[in-house]
Amino acid sequence: MKNAIILHGISSKPTDFWFPYVGEQLRSRGYNVWTPNLPQPDAPDIDVVVPFLLQNGTFTSETVVIGHSSGASLILALLEKLSSSVDCALLVAGFVERGGTRPKEAVKPTVDSYAWDKIRGNAHRIFIINSVNDPWGCDETQGRIMFDRLGGTMITNHDGHMGSQYYSQPYREFPLLLSLVDTVA
């Protein structure tokens, strides 16, 4: 059965931004959708969140994982730990290097190094979406780092963080994501 997992970022929740829209649209396409309230949403720690995802999520060759901001970084850490591959990973406003305008101590979901080959091998399709004008520093430079190590498809836009309460970016719909999920490799 097709399933999708949508991971929010720091200080967010499953009802924010485009998450409900994408979840509803995927359900209408026959997906079982899980948009969990992640543990420690204000200061996520991969040593807590990744085991939570592994214990509660379903990961098969028909799974689509979507992550926004630090949720994208969590997907990278998750893909390192999976014993089988998923269909698709969509990394939205993701980052791999600490920085940007958030205090560094608030950004704990990243790791110092990733097993890029393992990550690449555990996602049949990879889409990386970043903006040139991301106010949090999750910009096209961060997207390029991921793309250079993972391959896949990189999309660069001018849509800020694609969802931010602090910067008043409600970003309620995200049809591009749906078209990428519908893309057949």
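The values are calculated or read from the model by the stated rules, or taken from the named source; none is laboratory data. Predicted, not measured: the structure shown is a model, and the values here were computed from it. Quick reminder, even Gly has a Cβ in these numbers, built from the backbone with ideal geometry, and neighbours come from all protein chains shown.
So here's what we get for this one:
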read-out: Qualifying positions in segment 147-180 - in contact (Cβ under 8 Å) with a residue 60 or more places away in the chain, crowded, with 20+ Cβ neighbours inside 10 Å and either in contact with a helix residue (DSSP H, G or I) (Cβ under 7 Å, 6 or more places away or on another chain) or under 10 Å from Gly94 (Cα atoms) (or both); value: His161, Phe174, Leu177
read-out: Condition met for Leu91 (in a helix (DSSP H, G or I) and in contact (Cβ under 8 Å) with a residue 24 or more places away in the chain); value: no
read-out: Residues (out of contact with any Asp or Glu (no Cβ under 7 Å at 6 or more places or on another chain), modelled with pLDDT of 95 or more and within 15 Å of Ala72 (Cβ to Cβ)) located in segment 123-137; value: Ala123, Ile126, Phe127, Ile128, Ile129, Asp134
read-out: Helices (runs of 4 or more DSSP H) (entirely within segment 1-82) containing at least 2 residues that are touching a Ser or Thr at 6+ places or on another chain (Cβ under 6 Å), of a type in the set (D, E, K, R) and buried (at least 16 other Cβ atoms within 10 Å of the Cβ); value: none
read-out: Residue within segment 107-118 that is touching a residue at least 60 places away in the same chain (Cβ under 8 Å), touching a Pro at 6+ places or on another chain (Cβ under 7 Å), closer than 24 Å to Lys13 by Cβ and of a type in the set (Lys, Arg) present; value: yes
read-out: Scan of segment 56-79 for residues that are at pLDDT below 95 and touching a Lys or Arg at 6+ places or on another chain (Cβ under 9 Å), ordered by number; value: Ser70
read-out: Residue satisfying all of: in segment 164-180; part of a helix (DSSP H, G or I) and either modelled with pLDDT under 95 or hydrophobic (A, V, I, L, M, F, W, C) (or both); farthest from Lys13 (Cα to Cα) among these; value: Leu180
read-out: So Ala106, is it in contact with a Lys or Arg (Cβ under 7 Å, 6 or more places away or on another chain), surrounded by fewer than 17 Cβ atoms within 10 Å (Cβ to Cβ), at pLDDT below 95 and not acidic (Asp, Glu); value: no
read-out: Cβ-Cβ under 8 Å pairs, at least 6 apart or on other chains, segment 60-82 side in contact (Cβ under 8 Å) with a residue 40 or more places away in the chain, far side small (Gly, Ala, Ser) and assigned to a helix (DSSP H, G or I); value: Gly67/Ser73
read-out: Residues of segment 7-54 that turn out to be β-branched (Val, Ile, Thr), under 15 Å from Ala77 (Cα atoms) and under 14 Å from the mean Cα position of the chain (by Cα), as a count; value: 3
